[in-house]
Amino acid sequence: MPSLIDLRRRIRAVKSTEQITKAMKTVAASKLRRAQDRIVGARPFALLMRRVLSGLATRTGSSAAHPLLAPPAAPDAPILLFVVTADKGLCGSFNSNLVREATSFAVEAGRDVAMGLVGRKGRDFFVRRGVDIRFEMVNLFNDLRYSHAEAMAETSIEQYGSGAASGVSILYNEFKSVLQQQVVVDQVLPIPAIETSDDESEELSADYLFEPPAEQIFSDLLPHHVETQFFRALLESAAAEHAARMTAMDAATRNAGEMIDGLTLHMNKVRQAAITRELIEVVSGAEAL
Amino acid sequence: MPLPEHLTIEIVTPDRAVVHQTVDEARLPGAEGYLGVLPGHTPLLVMLQVGEIWFRRGSEKTYLHAAFGFAEILPDRIRILARTAERADEIDLERAEAAASRARERLASATGDIDFERARISLLKSLSRLQVARRIGMRTAAKR
């Protein structure tokens, strides 16, 4: 049976852990709010980009003309899969879900899979497993910038264009709600057919002047389209990470509270037993006299 | 159809919406030169280069630095998607000056085509930033 002092020490330890998890939860909550704002802030750009692209696509009637839209030059080359993990742990099953999905993607692909690793956790995991790594980026989520997405887009376009990869996909946690994150795979290259909804193309098929010509604008825009897609994935992943950490730390705080309650109860019982025992000793000692 | 009297200008970057307001006139750095836009402009889709955007509401002129992207111009609105866009008062003058001199150095010592092109672009950007930032400097100086 643990002594009174041991129990007290244990309670103190759990209490300080509780304080840490509580603080982490608060921090994650405020970071989450900021990350959500960024998603909202990035939305108009992405929307407008898609609208203009789809308008241009209907107008130029060009679909397979551009190399980024065309099927891969080397169909047997590996698929390049970007895996967006977090830089830090302590966020529940956020990272392990990604790693599991990435592994099953590799099994199902039926082709070799090369990896582009974003985030320290995923990098550390896959580096030790000897996979073919074409891209690496860590320590970015503290200060997430558009240029990170540009770097990813540049690598994927170069790999796809040169035939070193037969396709590019990105695997990341999508931010559904604070309580729910979902691992999703998006195909980035070749660019899936840009859907043209009717009202959009109608507005844009008005008599437009183009400077430079429409075809050139279209091909200039496609790489940017790829960038915005990566950027959105990064933002989603950042928000999802904070949400996951918040939920995980909330649960940890609650568990710590329960543990403290249990330990305190136990400690009181032990103390009470000790007092009773001492009383009996005193009384029976007095009787013996 | 009567011509609209004002333009709505929207400037967005991947990070945020920079401007959304009604203006009387605007000027943009188009791919083939600066172009002025008045209400009732023909629909136009234009690529942008590095340079200065300004728009005017009454006699109030606002200057911005913008780099790369494109603008969709309709008779009553302008939508600008830019890689970067900064209001004149957001520009860090010292940083822009440092960047300009750094770019000049690199330009002088550049060897490959890519190095040269990169240096040229960063020089263009910092010069445009400086130009825009000095605009408000001039105006506040004139007021005194």
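The values are calculated or read from the model by the stated rules, or taken from the named source; none is laboratory data. As the structure is a prediction and not an experimental result, all values here were calculated from the model. Every residue, glycine as well, gets a Cβ built from its backbone with ideal geometry; the counts of neighbours run over all protein chains shown.
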List every residue pair whose Cβ atoms lie under 7 Å apart, where the two residues are 6 or more positions apart in sequence or sit on different chains, the first residue falls within region A:40-54 and is more than 9 Å from chain B (Cβ to nearest Cβ), and the second residue, located anywhere, is in a helix (DSSP H, G or I) and not basic (K, R).
A:L53/A:L221; A:L53/A:H225; A:S54/A:E200; A:S54/A:S201
Checked region B:111-127 for anything crowded, with 16+ Cβ neighbours inside 10 Å and either among the hydroxyl-bearing types (S, T, Y) or more than 26 Å from B:G33 (Cβ to Cβ) (or both); matches are B:S122, B:S126
Of all residues in region A:213-251, which are polar (S, T, N, Q) and away from chain B (no Cβ under 13 Å)?
A:S237, A:T247
Please determine whether any residue of region A:14-27 is under 27 Å from A:Y146 (Cβ atoms) and not aromatic (F, W, Y).
yes
Single residue of A:L32, A:L81 found to be within 30 Å of A:A238 (Cβ to Cβ) and not in a helix (DSSP H, G or I)
A:L81
Being touching a residue at least 60 places away in the same chain (Cβ under 8 Å) and touching a Lys or Arg at 6+ places or on another chain (Cβ under 8 Å): is that true of B:T13 here?
yes
Determine whether B:I73 is within 10 Å of chain A (Cβ to nearest Cβ), more than 22 Å from B:R129 (Cα to Cα) and crowded, with 21+ Cβ neighbours inside 10 Å.
yes
Condition check: touching an Asp or Glu at 6+ places or on another chain (Cβ under 6 Å), modelled with pLDDT of 90 or more and crowded, with 16+ Cβ neighbours inside 10 Å. Does A:L98 satisfy that?
no
Can you say whether A:A46 is surrounded by 14 or more Cβ atoms within 10 Å (Cβ to Cβ) and more than 27 Å from A:G163 (Cα to Cα), as far as the supplied structure shows?
yes
The correct count of residues that are more than 14 Å from every other protein chain (Cβ to nearest Cβ), more than 16 Å from B:L7 (Cα to Cα) and in a strand (DSSP E or B) in region B:35-60 is 2
Kindly check whether there is at least one residue in region B:68-75 that is in contact (Cβ under 8 Å) with a residue 60 or more places away in the chain and touching a strand residue (DSSP E or B) at 6+ places or on another chain (Cβ under 8 Å).
no
Only one residue in B:E97, B:E86 is surrounded by fewer than 23 Cβ atoms within 10 Å (Cβ to Cβ), in contact with a His (Cβ under 7 Å, 6 or more places away or on another chain), under 15 Å from B:V132 (Cβ atoms) and in contact (Cβ under 8 Å) with a residue 12 or more places away in the chain. Which one?
B:E86
In the set A:A13, A:A106, the lone residue that is in a helix (DSSP H, G or I), surrounded by 18 or more Cβ atoms within 10 Å (Cβ to Cβ) and either touching a residue at least 60 places away in the same chain (Cβ under 8 Å) or small (G, A, S) (or both) is A:A106
Selection from region A:117-135 of residues part of a strand (DSSP E or B) and closer than 27 Å to A:D37 by Cα yields A:L117, A:V118
